[in-house]
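Beneath this line is the structure, given in structure tokens, with notes to follow.
Each value in this text was obtained by applying a stated rule to the coordinates, not by laboratory testing. These figures come from a predicted structure and were not determined experimentally. Reconstructed Cβ throughout: ideal geometry from the backbone, glycine too, with neighbour counts over all protein chains shown.
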Amino acid sequence: MVASYRFSWKGFAIVLVCLVLAALPWALNPFRVRVFTLGGIYAIATTGLTLFMGFTGQISIGQAAFFGIGAYTSAILSKAGVPFILSFLASGLVAAFCGLIVGFPCLRARTFYLAMATLAFGLAMTLIFKNWTGLTGGVSGMGGIPAAGIGPFSFDGFVSYYYLVWIITATVLFLAYRLTRSYFGLALRAIGENETAAESLSVKSYLFRLISFLICSFLAGIAGSLFAHLDRVVAPENFTSEESIIFLSMAVIGGLKSIYGGLIGAMIFTLIGEQLRSLERAQVIVVGGLLIFLVIFLPRGLVSFPEKMEKLISKLKRKTSLPGSL
Amino acid sequence: MAILETENISKSFGGVVALKNVTLAVEENKVTALIGPNGAGKTTLFNVITKMDLADSGRVLFDGRDLTHLKVYDFARLGVLRTFQRSMPFGEMTLLENVLCGGIPVSTIGWFGGFFRTRRTKTILEKDRQKALGLLQKVGLYEKQDWLAQNIAYGEQRRLEVARALACNPKILLLDEPVAGMNPEESLEMAQLIKHISEGGLTIFVIEHNLDVVMNLCDMIYVLNHGEIIAQGEPDEIQSNEKVIEAYLGRKGIWRATG
Amino acid sequence: METVIQQIIFGISVGATYSLVALGFSMQFRAMNLLNFAHGESFTMGAFIGLLCHVFLKLPLLLSWLITMGACGVIGVVIEFVAIRPLYKAPPLNLFICSIGLAMVLRQMWNILTGAVAYKFPPTFGEAPVNVGGISVVPEQLWVIGMAVLLMFGFEQFLKKTRMGKAMRAVAQDPYTASLMGISVLRMKSMVYAVSTMLGGAAGILFAPLAYVTFDMGLWNGIKGFICAIFGGIGSIPGAILGGFLLGLIEQFNSSYISSLYKDVISFLILIIVIAVRPKGLMFRSRREKV
């Protein structure tokens, strides 16, 4: 609805990225391809978070729980013989339903309530994942998940699954982008800016927050489904509170106000993920420290890095070019 | 013809009576003012009318309809728009986007309209955009359409809010101290703007402290003090009303003496 | 009958520590408008520093307490200065996120320093239960309840009677006027953070003998402290105290009669119910936000 200036640059960058992504699997070894596939999966969940947190100004620390719910749902259904498309959609719906349970009471209240409730929800779900052995396979998780397949075509190779994931990721990003350009997106932003004013303009803030939270958990759910079919194994350790905080960090670091923030944050994290994992326990400290640092110095995330640099440069220019005046 | 009426509105906060049996009627197509000293309950009345606060008793009628069961977000669609005492722009949106938000209640393409770019939605979106730009022009902010709302001057923000309110084709505008915090120049601009839009057939109900603005602008004035209406009438009547003078100045006669 | 009373006492003793954490939450909210994710970590802090002094350095209990309180206060001041102060002017979302990052960092720090080991903190009066009115009671629990009540009382007196306490209350009610009266709002905020960290630390060191000391104890205990804080309406002190006792009792009965394994799931449900029923708390008295 509103034209942005740098459209040509953005468009160019998007096309470039798409081309690179399309060519990637032919240039890299399977291990690296898996890393990028994982990045795409995380990007879906993170974009959900960005949509929710960036627009409504609320915080969810339970994304990994919804991710896990989606993963387990898909695993259980697929193993029971349900076709992939259905278990994929079901994962999203089940996760969204859980989002409804959490969001329904909490979104009426201050931001902090939802934050706490999602944290508690995540911890509670971890307990359930670990202990409801009959359903989830307990601590060791579930294996032997069949490959994703649509019709006669089975996505059981690295390359084919990569394309499946990225096609879905691209679709999600496109839809999210279109959403922000609609009156719905405008209303969401209005709520985030000034709820009282938004309500005086007929925006039912509670309803919108709830819907965007449902979208957020739905996306986490379908991402979880894709995750389950990646390595075809799921275990509780992938869906802990630490993971929720990592999702949160990806969203924040990428930039909450931009629709691409989720993608950027997710890609950066997965790409340096290997390096992070070698730090083992210090990894969480690095991530936490990075969060604190970023929130203080680069509050809009990495997406805002170029404009922050511009501002800094113009500040420096002013200081050096006008000695002695003002 | 009264388009907005309140009947015996009463409201207390704890033991403090904020409004007591407030009954008034706002005439269609006229400018009505609600004046009174600080703490008289003026903003509380607006809050009660628009459901940001609930009255203890009494009711509000709009166009003959009882508003008792409505919620805050129902008012815009009815055509009742309200601005606030404090400036409330959508800071991180551009001025254009702010006014477009005002178009939300009357948008013809619904929430997911812009989602898929059909030819129909494109034309409607463009029309909405032109309408918003027109409103910005009306309040004198056309050149700054791409500025972020948080970066414009306070007086400009308040004019922006008027433009935003106008975007949904309101039937009545409730303006809460539109010139609060403005310097004389800005106040004059705002007063002229209000006069301009009221001439277009819009009903205006304004809370205001600045008696100069009120006397020149309004067709009808209600005076509120300690939550009760102590006087109502045309500007001339109010100016010489003893109760009003006493409420504002506390002492009879001083105004008479100074003319 | 005996077991019921024992459970009640245990529930109340645990609940008392939740109340102390809740008091810290409420204090930070009222005086600093801060909803602090990392507050639960002060609980862990108190427990570990106490552990260090009393168990590893073999210092007498009283000295350990003093050192722990002092350390918590100092660390509180440092944290406020480094991670909270820069964000007073920023939108509240940033502060939340920062406190989340802070909580992560602190918790992992404990993880690295102490490993995933559960430490045992010796009870104050020995292991043997004592006979009180024919009922066998663990003295530790009574001690915890007593100390917690003492601390809460002391805290209330501090707020009401001392200069600093009154200054804090002034800042909580109206920072602008307080600053006009010569109170340094920044310094008060720093003090508030320090005192609330000390309260949390006290809760930790009190709790330590009741259960094990682990690096992640701050997480759930922080959540429970939060539940208590919102029980009376966030910012309400009597609500926090009452909430603490109630929550401790409910948990205890849960754990004995429903399921010890899914105890936390039930706590989550309680949280959701409290939020749903009255996000303003069950004892809330109307506080308008001026439009």
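GNM remark for chain A: springs join alpha carbons under 10 Å apart, and the peak mean-square fluctuation among A:Leu89, A:Leu230, A:Leu28 falls on A:Leu28. Among A:Leu100, A:Leu263, A:Leu290, the largest mean-square fluctuation in a Gaussian network model of chain A, built with springs joining Cα atoms closer than 10 Å, belongs to A:Leu290. Residue exposure proxy: A:Thr46, C:Thr162, ordered by other Cβ atoms within 10 angstrom of their Cβ from fewest to most, comes out as C:Thr162, A:Thr46. Please check chain B for the longest run free of trypsin sites (Lys or Arg not before Pro) that are loop-located per DSSP (anything but H, G, I, E, B) and have at most 14 other Cβ atoms within 10 Å. Longest site-free region, per DSSP loop and neighbour criteria: B:118-250.
Enumerate the aspartates and glutamates that B:Lys51 could reach by cross-link, defined here as Cα to Cα under 16 Å, with residues fewer than 8 away along the same chain left out. Cross-link targets: A:Glu195, A:Glu199, B:Glu5, B:Glu7, B:Asp66, B:Asp74, B:Asp176, C:Glu289. Rounded to the nearest 20 debye, the dipole size of the protein assembly as shown about its Cα centre is 1180 debye, using +1 on the Cβ of Lys and Arg and -1 on the Cβ of Asp and Glu. Computed over the protein assembly as shown, the P(r) curve from all C-alpha pair distances, binned at 10 Å from the origin, holds 2, 11, 19, 21, 20, 15, 8, 3, 1, 0 percent per bin.
Counted over the protein assembly as shown, the DSSP beta bridges are approximately 65% antiparallel. If you take the charge dipole of segment B:150-259 about its Cα centre, with +1 on Lys and Arg Cβ and -1 on Asp and Glu Cβ, which of B:Ile230, B:Leu211, B:Met182 is farthest toward its positive end? Of the candidates, B:Ile230 comes out farthest on the positive side. Taking chain B as a Gaussian network, where each spring joins two C-alpha atoms under 10 Å apart, which residue of B:Glu177, B:Glu228, B:Glu242 fluctuates the most? Checking each option, the largest mean-square fluctuation is seen for B:Glu242. Taking chymotrypsin sites (Phe, Trp or Tyr not before Pro) in DSSP loop conformation with at most 16 other Cβ atoms inside 10 Å as exposed sites, chain A has its longest uninterrupted site-free stretch at A:133-326. Over chain B, the hull volume per residue, using the convex hull of the C-alpha atoms, is 138 Å³.
Given +1 at the Cβ of Lys and Arg, -1 at the Cβ of Asp and Glu and no other charges, the dipole of chain B around its Cα centre is 900 debye to the nearest 20. Loop-located GluC sites (Glu not before Pro) in segment B:147-198 (DSSP state not H, G, I, E or B) with no more than 13 neighbouring Cβ atoms inside 10 Å do not occur. Listed by chain and number, the aspartates and glutamates whose C-alpha is less than 17 Å from the C-alpha of A:Lys79, apart from same-chain residues fewer than 8 away, are A:Asp156, A:Asp231. In vacuum, with every alpha carbon of chain C counted as one equal point scatterer, what does the Debye formula give for log10 I(q)/I(0) at q = 0.06, 0.12, 0.13 Å⁻¹? Two decimals, please. Each listed q corresponds, in turn, to -0.19, -0.76, -0.89. Need one word for segment A:178-310: rounded, prolate or oblate. Basis is the Cα gyration tensor (sqrt eigenvalues a ≥ b ≥ c); a/c below 1.5 gives rounded, then a/b vs b/c decides. Since a/c reaches 1.5 but b/c is at least a/b, the shape of segment A:178-310 is classed as oblate. The fewest-to-most ranking of A:Ser205, A:Ser154 by surrounding Cβ atoms within 10 Å reads A:Ser154, A:Ser205. Each Lys and Arg Cβ is given +1 and each Asp and Glu Cβ -1; about its Cα centre, segment A:36-321 then shows a dipole of about 920 debye. Listed from fewest to most Cβ neighbours within 10 Å, the set B:Val106, A:Val284 follows the order B:Val106, A:Val284. Cross-linked pairs B:Lys30/B:Lys171; B:Lys42/B:Lys71; C:Lys161/C:Lys189; C:Lys161/C:Lys224; A:Lys10/A:Lys311: Cα-Cα separations exceed 22 Å for C:Lys161/C:Lys224.
Across segment A:1-143, the relative contact order, built from alpha-carbon pairs under 8 Å that are at least six residues apart, equals 20 percent. Shown here is the pair-distance distribution of segment B:92-167: with all Cα-Cα distances grouped in 5 Å bins from zero up to the longest one, the shares run 3, 17, 28, 22, 14, 10, 4, 1 percent.
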